Amino acid sequence: MHMHVCGLLVLDPATMKGDPYDAVHAMMLGALTKVPLMRKRLASVPLGISRPFWVDDVDFDVVRHLHRAQVDPPGDERALARMVGDVASRPLRRDRPLWEAWFIEGLARGNVALLVKMHHATIDGVSGVSIMGRLFDFDAPHPGSSRPADSWQPQPVPGSLALLGRGVLARFAAPLEVARLVPVTVGRVGTTLWNLGTRRDNGHGSVRPFTAPRTSFNATLTARRSTAFTDVPLADFKRVKKAFDVKINDVLAAVMGGALRRYLADRGELPLRPLNAAEPVSVHGRTGGVKGVTKLSVIFSTLATDVEDPAQRLRTVAAANLRAKQTSATMGADTFTRWSEQVWPNALSWGARLYSGLRMAEHHGVVFNLLLSNVAGPPFALYLAGGHVVGTYAFGPVTDGAGLNVTVISTDDRVGFGITACSDLVPQVWDLADAIAPALDELTAAARRLRAPTGSRARRPRSP
């Protein structure tokens, strides 16, 4: 399981000053003081008694992280996606800061792209948007303007004894934290189970882990990744949201339910039971003293792939999401993150390898079918290194037993869908990407019918 995320930015270089690669290189140099983790690497604690610590990379050189590449002809979206999949198939090196970037040329219409790969330990949705705010410009650059590159000086790396001391202090604090966590967790779990049991048949469509139907992408992973991407108008999402009085996340889940229903039906694999998605939820600001960049909880939601009518599918999804949020609130935002801090680091790594090696994901109920993430970016035009950003896509990690990830990010007036899949489990990932726009069209048509006056003829939906 490669626990990195990839961000793909397609740029129009018309407003970039000089050579686009040089402009991106200068931007990366300037980012070193704005995003400290870009210049930090992991320092392992002797004997592995605690998690590693972040330290400055005294040998840091941006050239070791920024690569220049040419996409295969004809430079279309599928050629670009093949390059993204190839980059996503390789793990990041642990002896240097956990990121790399690829400046990609040869795209159609003269565009260029910047592909950034970062480990999930350095970024999540909220911190990613924060980084965007520090690196992006919100107005077109003026002629002759440029952003000066900043300089920084690395701090000395702590020695082995200092790291061992930090690790010992962290281990001594662990029993006290566990003692505080146990009674709190028992109470929260008991309340959650009681609520789920007493309201099981109230029609809200509550979703439980280990109850998802098995599909071809719910199996043991290989290291290979494939990607696809597409975008749709944000206005269509808002139109559906307003018509049905639901949340944007509800519309997203219903769209993916429709797309997966079509994808699986075309392959003769549509299960009778609905697919379930695990949706990461940011808990920044709700985790007390828990440190770290990535602060996530998760809710489980139905995609209602068993419901043919798109309007009813959306209503089913919205009811299930409301119930999932109530369950998450009962469990507490900090429960998962606080317990994850107590796991012995080597035990987690060994356990993951053992689980994969024994193909355990294929010998118990499916926890969830896929990961589905939604990140709200700035609702206006963006510029990076002077270039207008004309496409923004994010690609999240897949997990053993769930070889499909759909990450959605909205910027300006578009919603970009980034699909990451294990190549050996989802061989035709573009078929799923191509099913997204028709699934949204079904919902926009339903929204028009819902809002049309009684007895009038609904207007024909416009092409996106």
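For segment 101-112, the criterion of being in a helix (DSSP H, G or I), under 29 Å from D431 (Cα atoms), at pLDDT 95 or above and among the basic types (K, R) is satisfied by no residue at all.
Restricting segment 245-299 to residues that are modelled with pLDDT of 80 or more and among the β-branched types (V, I, T) leaves a set whose member that is surrounded by the fewest Cβ atoms within 10 Å (Cβ to Cβ) is I248. Contact map, segment 300-314: residues that are free of Cβ contacts under 8 Å to residues at least 12 places away in the same chain paired with residues that are hydrophobic (A, V, I, L, M, F, W, C) and part of a loop (DSSP other than H, G, I, E, B), Cβ distance under 8 Å, separation 6+ or inter-chain. Pairs shown: Q312/A304.
Tell me yes or no: at least one residue of segment 393-412 is aliphatic (A, V, I, L, M) and in contact with a Lys or Arg (Cβ under 8 Å, 6 or more places away or on another chain). Yes, some residue in segment 393-412 is aliphatic (A, V, I, L, M) and in contact with a Lys or Arg (Cβ under 8 Å, 6 or more places away or on another chain).
Total residues in segment 93-108 satisfying the condition of being aliphatic (A, V, I, L, M) and either over 30 Å from A14 (Cα atoms) or surrounded by fewer than 19 Cβ atoms within 10 Å (Cβ to Cβ) (or both): the figure is 2. State yes or no: is M16 crowded, with 20+ Cβ neighbours inside 10 Å, closer than 28 Å to G416 by Cβ and in contact with a Gly (Cβ under 6 Å, 6 or more places away or on another chain)? Here the answer is yes, as M16 does meet what is asked.
Please indicate, with yes or no, whether at least one residue in segment 405-412 is assigned by TED's automatic domain parsing to the domain that holds L264, surrounded by fewer than 24 Cβ atoms within 10 Å (Cβ to Cβ) and more than 16 Å from A228 (Cβ to Cβ). Taking every residue of segment 405-412 in turn, at least one turns out to be assigned by TED's automatic domain parsing to the domain that holds L264, surrounded by fewer than 24 Cβ atoms within 10 Å (Cβ to Cβ) and more than 16 Å from A228 (Cβ to Cβ). When each of V62, V55, V71, V45 is tested for being over 22 Å from H25 (Cα atoms), assigned by TED's automatic domain parsing to the domain that holds H119, in contact with a helix residue (DSSP H, G or I) (Cβ under 6 Å, 6 or more places away or on another chain) and hydrophobic (A, V, I, L, M, F, W, C), the lone residue that passes is V45. Of the residues making up segment 393-421, those that are of a type in the set (S, T, Y) and at pLDDT 95 or above are Y393, T407, T420. Among the residues making up segment 31-47, those that are within 24 Å of G159 (Cα to Cα), among the hydrophobic types (A, V, I, L, M, F, W, C) and under 23 Å from the mean Cα position of the chain (by Cα) are L37, M38, L42.
The values are calculated or read from the model by the stated rules, or taken from the named source; none is laboratory data. Since the model is a prediction, treat every value here as computed from it, not as a measurement. A quick note on method: Cβ atoms are made from the backbone with ideal geometry, for glycine too, and the neighbour counts reach across all protein chains shown.
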